[in-house]
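Reading through the structure tokens given below for one structure.
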Amino acid sequence: MAPVQSPEARPLAGRSGPPACPLRCWFVSLVLSGLAVPSAAQVKLDPASSEGRQAIAAFESIWEGKGRALACRVQPVPPRMAFSFRLWAGYQIWVSMSDFPPEPTRIGILFRVRPLAKSGPGAPVFFWDVAQLPEASRRPRGMASWGGGFYLGAGEYQVDWLAGDAQGRHCRSSWKLKGRGKASQMALQPGQLDAVGVESWRGRAPGAAKNGPRVTIFLHAAPRRPGRSQLSGYDRMLLLSSLTALLDLSGFASARLVAFDGNAQKVLFRAENFDQNSYARLAEIIRQHSYGAVDYQVLRNGVAGEGKFLAGLIDEDRQAPRPSDRLVFLGPELRSARKLPEPLLALAPTLPPTYYLALARDVVPQGDLIAKLVKAAKGKTYLVLRNTDLLKPIREVAQGKGP
């Protein structure tokens with residue numbers, strides 16, 4: 001793949017602080033204003049804009065000085081190749097819920113990434129993001145965790161990371177990372193950096209097939225590691241980049257999408273004709289969705305309830321005026337089941353070519369409900385661990401091949 005140029009940096013939107021306010025106060029004003037990070041996207045600061053200059057000055061003032069501490073733990077996530085052939089690196093942050101007031105709270109995240117070339121450090125790139133904590137009644141107990149990241153080209157980088165809240169407290173962390181890969185196979189050139197957001201998918205190409213198969217994608221938007229209260233930045237990247245790779249390479253005439261939380265048996269998002277605007281809304285929803293609290297009745301219903309929920313999603317698709325020609329399940333595993341619940345067992349023989357692209361952690365899933373359903377429907381399950389694992393299943397899904 002030939003390298004492509006990074007999209008232009010977008011200026012930070014919102015209000016600047018009053019002239020008399022010190023730079024530390026201006027950072028607080030960023031948090032309070034909920035600065036318009038576009039849907040599901042962080043912002044790559046424009047250093048030539050007024051607000052970009054002020055944000056960068058605020059970062060440097062706080063970074064070099066001392067102030068009130070915000071207790072947090074930050075874990076860097078090493079660079080990994082996304083399914084979009086972009087190298088992604090990120091972070092995961094943990095904070096204690098007891099450290100924040102009961103009302104909805106914003107935490108601003110401002111970090112600097114500097115390429116470390118042999119000839120000397122390159123120009124730093126600054127990113128801004130906002131994490132939203134819901135009101136106390138909707139928060140998980142104890143520690144909460146969320147993550148983020150950015151795209152990078154090959155090379156070595158220094159990351160200086162800062163988070164702050166509306167009370168003027170800050171936490172910080174620094175680390176180095178190294179992106180490895182052949183420049184000819186990567187979307188960004190060595191030393192290039194870009195924000196993660198809606199710019200990573202521009203919708204289906206104008207010349208996309210109009211007479212190709214219609215597909216319904218059931219996206220299981222859940223953490224790969226059960227028990228997390230929110231999707232990590234890496235999990236979001238996996239889900240969204242595998243989804244867009246499937247759409248870009250498959251030749252589908254149209255795509256209906258249903259995103260769901262299997263553990264809570266809840267539909268998160270639907271789109272009859274999935275496009276770039278749908279992608280932006282989906283990305284924001286899974287970014288904000290909390291996986292911590294599950295209704296007691298849902299837990300009590302167990303596998304039978306999960307089977308009934310899944311059967312309802314499929315049956316609704318089959319009753320549509322124009323049912324799809326393919327069904328694709330994409331995402332991590334559902335819970336294991338000894339046998340397929342009756343509603344799914346009855347549906348299986350009626351389904352069109354059906355596939356499961358499992359973002360499992362190490363082995364092809366056999367016992368979860370989706371794998372059992374796909375097997376009963378005489379479909380095919382694929383284990384997807386890296387971008388090259390997608391090429392064969394996408395080709396076979398497009399052709400309607402069976403096992």
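Points worth noting:
- Remark: A89 falls outside the filter, which requires a residue to be buried (at least 19 other Cβ atoms within 10 Å of the Cβ), assigned by TED's automatic domain parsing to the domain that holds D129, modelled with pLDDT under 85 and among the hydrophobic types (A, V, I, L, M, F, W, C).
- Verdict on G307 being modelled with pLDDT under 85 and either more than 25 Å from the chain's Cα centre (by Cα) or over 16 Å from D368 (Cα atoms) (or both): no
- Test: P78 is surrounded by fewer than 16 Cβ atoms within 10 Å (Cβ to Cβ), out of contact with any His (no Cβ under 9 Å at 6 or more places or on another chain), outside the structural domain of D235 (by TED's automatic domain parsing) and of a type outside the set (A, V, I, L, M, F, W, C): yes
- Region 92-128, subset surrounded by fewer than 16 Cβ atoms within 10 Å (Cβ to Cβ) and in contact with a Pro (Cβ under 9 Å, 6 or more places away or on another chain), residue nearest to I56 (Cα to Cα): A123
- Residue ID - surrounded by the fewest Cβ atoms within 10 Å (Cβ to Cβ), chosen from residues in region 129-177 that are among the small types (G, A, S) and not in a strand (DSSP E or B): S137
- Which listed residue, of R322, R335, is touching a residue at least 12 places away in the same chain (Cβ under 8 Å), closer than 22 Å to N263 by Cβ and surrounded by fewer than 16 Cβ atoms within 10 Å (Cβ to Cβ): R335
- Region 46-60 residues that are not assigned by TED's automatic domain parsing to the domain that holds F126 and among the aliphatic types (A, V, I, L, M), paired with ones that are at pLDDT 85 or above and assigned to a loop (DSSP other than H, G, I, E, B) (beta carbon under 9 Å, 6 or more apart): none
The values are calculated or read from the model by the stated rules, or taken from the named source; none is laboratory data. All values reported here derive from a predicted model rather than from experimental measurement. Note that we place each Cβ from the backbone using ideal geometry, even for glycine, and neighbour counts take in every protein chain shown.
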